[in-house]
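Enquirer: Structure in structure tokens, see below.
The values are calculated or read from the model by the stated rules, or taken from the named source; none is laboratory data. What you see is a predicted model; the values in this text were computed from it and never measured. Reconstructed Cβ throughout: ideal geometry from the backbone, glycine too, with neighbour counts over all protein chains shown.
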Amino acid sequence: MYKLSVVDDELIVLERLKKMIERINVENILLESTFDNGDDAYNQLSVNPPDILITDIHIPFINGLELARMLKKVNPLLKIIVITGYEELSYAKEAIDLEVVGFISKPINIDELESVLEKAKDKIELEKDIESNIDEFNIFYYDSIPVLKENYLAKLLNKNQLSNKMKEQLERIDVRIDYKYIMIGYFDFDHRYTDEEKEYFESFLFTQLNLLGIDFNLFHKEYNLTVLFKSNTNFNKEAIIDNLKIIIIRAKRQLNIEISIGLSNLSSDNINYKLLYSEAFNALTLRKIFGGMQVFLYSDIEKNSRIGNLIDESIYSKLTYYIKYEQQTEKIIDVLNKIKELITHQANLNVYEFNLTNTLNSILKGLSEEIELNKEEINYSLLYQKLFTFKTVDDVFSWFLELIEKIRCINLNYIQSKSDQNMSLIINYINNNYNDSNLNLETLADEIGFSVSYITTLFKTNYKTTFVKYLTMIRMEKAKDLLIKTNIKIIEIASKVGYSDPYYFSHSFKKYFGNSPKEYRDEQS
């Protein structure tokens, strides 16, 4: 008989749980004790530890997860079930670390309670079976179960048909697949994230999926997360889709992580796992058309594969080019009007949305590639979400034009800022190297990695002069200072300001100031 203890500070919940447990009467599980706070629970259960612990997170004195952690030290095989009406992510990783069997949310549902108790009992019995093996092998095998699950589940997705041998191997590591209905979800990140962010999201997803009340396996397939949804009764597919959309929104709001989900068809009997995985993976191709942060169904692939009468790519390319380089707004408006005219002749909603998405893509490509934006300037995700909120095509194109003007302004500011930075780099180099007699436009270009024509343009735009004139001015001013402030010989001054030929230096100095270096020094004495 497996001992069960329950901890919750709400007496009504405790009483309801006691009655439910008596009513469902799970075989070999006996409710032995209940507590309304963590302190009393630990004092008694640390002496007489249970096999299964049901605990609320928010209980007095010691919170539920801390209580579970402390009792795990007494009984490492303790099976933990968490009661929560909360969804705080901060608890998710702790729950995984504690190997929580499952979650039950308030108000507690009797079927949900029975399911999670059965799951806890199955895990205990599996462990007892493992313990019957040789101790050394048992330790190795038990430690390897998470890795084995990952490997076997990944292999499962390469199988058209499931062999009896593989079915036995899966059952041996507590992966049940003897379900009538199977559906596969493929979870993909819309952007690049760090390993730590991905791990955090996995903890979050584990918690969220537990709240759905559906049996599932969450595992890695290559570099992405895959979920095997399992049921012996027909899925309410629309409800699952709605809940997955909520998960996408919560991931963005709570973690600032954007994901998209591809969902296979629902399959029953003679399940082809390889086909289902392929469907889920291919469903994500719709993201290229409709943008990220969505649930994509494989059933929509066929519908969207019949898209025809699309706008020629050259028109989009022209729009991008004009946004980047054209000064006249009228040319941009002409291209936009042409696109709008073509779009409004499409009767198919999918074609309409596809062309709108391509137009937005072309506009965003008008941003200079080097620009790094913050979200206050251009938030790509919000733009794609906003795209299909407008009621008329005129409203959409008015918004397009506003966005284009914003992008052109960002480009212009960036170009000016970049020009200022590059000019500053050039001036600093000249100021530090004017004494080099070999310094000329070509050597400067080689040293700082700019083209000769670009440097020439920068001097003309920013200083209304040429490189040679600017360098001469710097050298002459430096020579003048040395003539006034030092007694250095003129031949040495010539060398110090970058002239290897002192006669040419004197000639240049007289041409610049009207006097020779000697005459200038004598006048200043």
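Enquirer: Among the residues of segment 180-212, which ones are within 18 Å of Val100 (Cβ to Cβ) and either outside the structural domain of Ile271 (by TED's automatic domain parsing) or among the acidic types (Asp, Glu) (or both)?
Expert: Glu199, Glu202
Enquirer: I'm trying to understand the selection: among the residues of segment 251-310, which are among the aliphatic types (A, V, I, L, M), at pLDDT below 80 and under 28 Å from the mean Cα position of the chain (by Cα)?
Expert: Scanning segment 251-310 gives Leu286, Ile289, Ile301.
Enquirer: Could you check how many residues of segment 227-269 are among the β-branched types (Val, Ile, Thr) and more than 26 Å from Leu382 (Cα to Cα)?
Expert: 2
A quick yes/no check of all residues on (1) outside any helix (DSSP H, G or I); (2) of a type outside the set (D, E, K, R); (3) assigned by TED's automatic domain parsing to the domain that holds Gln328; (4) closer than 27 Å to Ser508 by Cα:
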{"position": "Lys418", "(1), (2), (3), (4)": "no, no, no, no"}
{"position": "Ser424", "(1), (2), (3), (4)": "no, yes, no, yes"}
{"position": "Thr443", "(1), (2), (3), (4)": "no, yes, no, yes"}
{"position": "Phe450", "(1), (2), (3), (4)": "yes, yes, no, no"}
{"position": "Thr456", "(1), (2), (3), (4)": "no, yes, no, yes"}
{"position": "Thr461", "(1), (2), (3), (4)": "no, yes, no, yes"}
{"position": "Thr465", "(1), (2), (3), (4)": "yes, yes, no, yes"}
{"position": "Lys469", "(1), (2), (3), (4)": "no, no, no, yes"}
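Enquirer: Right, next: Please count how many residues of segment 1-17 are over 20 Å from Asn48 (Cβ atoms) and assigned to a helix (DSSP H, G or I).
Expert: 5
Enquirer: Another question, then. Can you name the number of the only condition in (1) part of a helix (DSSP H, G or I); (2) over 60 Å from the mean Cα position of the chain (by Cα) that Asn487 fails?
Expert: Every listed condition holds for Asn487 apart from (1).
Enquirer: List pairs: first residue in segment 475-501 and surrounded by fewer than 15 Cβ atoms within 10 Å (Cβ to Cβ), second residue among the polar types (S, T, N, Q) anywhere in the structure, Cβ distance under 9 angstrom, at least six positions apart or on different chains.
Expert: Ile484/Gln524; Ser500/Ser437; Ser500/Asn438; Asp501/Ser437
Enquirer: Let me ask something else. Would you pick out the residues in segment 426-441 that are under 16 Å from Thr465 (Cβ atoms), assigned to a helix (DSSP H, G or I) and either in contact (Cβ under 8 Å) with a residue 40 or more places away in the chain or not assigned by TED's automatic domain parsing to the domain that holds Tyr463 (or both)?
Expert: Correct list: Ile426, Ile427, Ile430, Asn431.
Enquirer: Moving on. If you scan segment 380-415, which residues turn out to be assigned to a helix (DSSP H, G or I), closer than 25 Å to Ile257 by Cα and hydroxyl-bearing (Ser, Thr, Tyr)?
Expert: Across segment 380-415, the qualifying residues are Tyr380, Ser381, Tyr384.
Enquirer: Within segment 212-223, is there a residue that is assigned to a helix (DSSP H, G or I) and either at pLDDT below 90 or under 29 Å from Ser115 (Cα atoms) (or both)?
Expert: Checking segment 212-223: not a single residue is assigned to a helix (DSSP H, G or I) and either at pLDDT below 90 or under 29 Å from Ser115 (Cα atoms) (or both).
Enquirer: For segment 62-82, give me the residue count where each residue is charged (D, E, K, R) and in a loop (DSSP other than H, G, I, E, B).
Expert: Total meeting the criteria: 0.
Enquirer: Quick one: how many residues across segment 220-258 are hydrophobic (A, V, I, L, M, F, W, C) and closer than 15 Å to Phe189 by Cα?
Expert: Matching residues across segment 220-258 total 9.
Enquirer: Please specify each residue of segment 18-61 satisfying the condition of being surrounded by fewer than 21 Cβ atoms within 10 Å (Cβ to Cβ), assigned to a strand (DSSP E or B) and of a type outside the set (A, V, I, L, M, F, W, C).
Expert: Glu32, Ser33, Thr34
Enquirer: Considering each of Tyr223, Tyr179, Tyr186 in turn, give the residue that is in contact (Cβ under 8 Å) with a residue 40 or more places away in the chain, over 20 Å from Asn270 (Cβ atoms) and of a type in the set (Phe, Trp, Tyr).
Expert: Tyr186
Enquirer: Just one of Ser381, Ser368, Ser362 is at pLDDT 85 or above, among the small types (Gly, Ala, Ser) and in contact with a helix residue (DSSP H, G or I) (Cβ under 8 Å, 6 or more places away or on another chain); which is it?
Expert: From the options Ser381, Ser368, Ser362, the qualifying one is Ser362.
Enquirer: Moving on to the next point. For segment 186-194, indicate whether the set of residues that are over 18 Å from Leu263 (Cβ atoms), modelled with pLDDT of 85 or more, acidic (Asp, Glu) and not in a loop (DSSP other than H, G, I, E, B) is non-empty.
Expert: No, segment 186-194 contains no residue that is over 18 Å from Leu263 (Cβ atoms), modelled with pLDDT of 85 or more, acidic (Asp, Glu) and not in a loop (DSSP other than H, G, I, E, B).
Enquirer: What residue, of Ile241, Ile247, Ile261, is surrounded by 18 or more Cβ atoms within 10 Å (Cβ to Cβ) and either of a type in the set (Gly, Ala, Ser) or in a helix (DSSP H, G or I) (or both)?
Expert: Ile247
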